[in-house]
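The structure appears below as structure tokens.
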């Protein structure tokens, strides 16, 4: 199948799913569940990632009729996943009475549990996991997924200045963490 | 990450790219640190192609929970947060204006009395 054929097949699936075809949406879930889960895993860690992925995909289903294709479907799904991750992370922290961001990240992303991502980048993944949730979100969206500062700020509900400051601090911390691992 | 990494960091003006570049050309420590930073950035960019497999039951769970499509805003929490922020700012502005007006009225009545 050529890239054009793949694209057309996906557009057809999207059109069917938009009009309520569950089977078509199931095919789309099959195509995108790994990317959604991976992003969730990077943002919130393994304890919450499956819940975030599931909720994000359900939100996408509910909202599909309003998807007009201005952005790629994957980009749209990523935005929903980021928003869902942020919401569920806050809810989980509130319900579990976890008082500190640092406390949250340390429990959820112990180095030995970060092995779900490829081993080749294990050091980098461990370093990312050791960042605060706010820093991690910014560095993942900017440096891994290539989002702009404006887009990152908008989706995280923060100002661009805050996004830039977090990114700067995150990169500095990543560097020192990686140096400490060597 | 484009700054300087050695003891000269505070002495080379950060707002002069030519001066920074000249320094970097002659400083092995800064060259090594820059190379490490580039490696980190390349590593981060490469992560985008790595996928963690979703849990086996994820698709089935999603399909089992599909409800009605209502075209709801999937990012409503973000919208709600922004609305709450604007409402708080507007409330603060109104309270400030009321306080200023009350102060002005009090001064005015004192001047009259």
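General remarks:
- Residue match in the stretch A:80-91 (condition: at pLDDT below 85 and surrounded by fewer than 20 Cβ atoms within 10 Å (Cβ to Cβ)): yes
- Of A:77, A:177, A:167, A:131, all but one fail to be at pLDDT 85 or above, more than 8 Å from every other protein chain (Cβ to nearest Cβ) and either on the phi > 0 side of the Ramachandran plot or under 12 Å from the mean Cα position of the chain (by Cα) (or both); the exception is A:77.
- Across the stretch A:105-128, the qualifying residues are those that are more than 9 Å from chain B (Cβ to nearest Cβ) and closer than 12 Å to residue A:178 by Cα, and the one among them that is modelled with the highest pLDDT is A:126.
- The listed residues are A:144, A:138, A:161, and the only one of them that is at pLDDT 90 or above and more than 13 Å from every other protein chain (Cβ to nearest Cβ) turns out to be A:161.
- Those helices (runs of 4 or more DSSP H) lying entirely in the stretch B:22-113 with at least 1 residues closer than 30 Å to residue A:48 by Cα and at pLDDT 85 or above: B:28-46, B:58-64
- Scanning the stretch A:25-72 for residues that are facing chain B (nearest Cβ under 7 Å) and under 10 Å from the mean Cα position of the chain (by Cα) turns up A:35, A:37, A:38, A:41, A:53.
The values are calculated or read from the model by the stated rules, or taken from the named source; none is laboratory data. Small disclaimer: the values here were computed from a predicted structure and weren't measured. Heads up, the Cβs are rebuilt from the backbone with ideal geometry, glycines too, and the neighbour counts pull from every protein chain shown.
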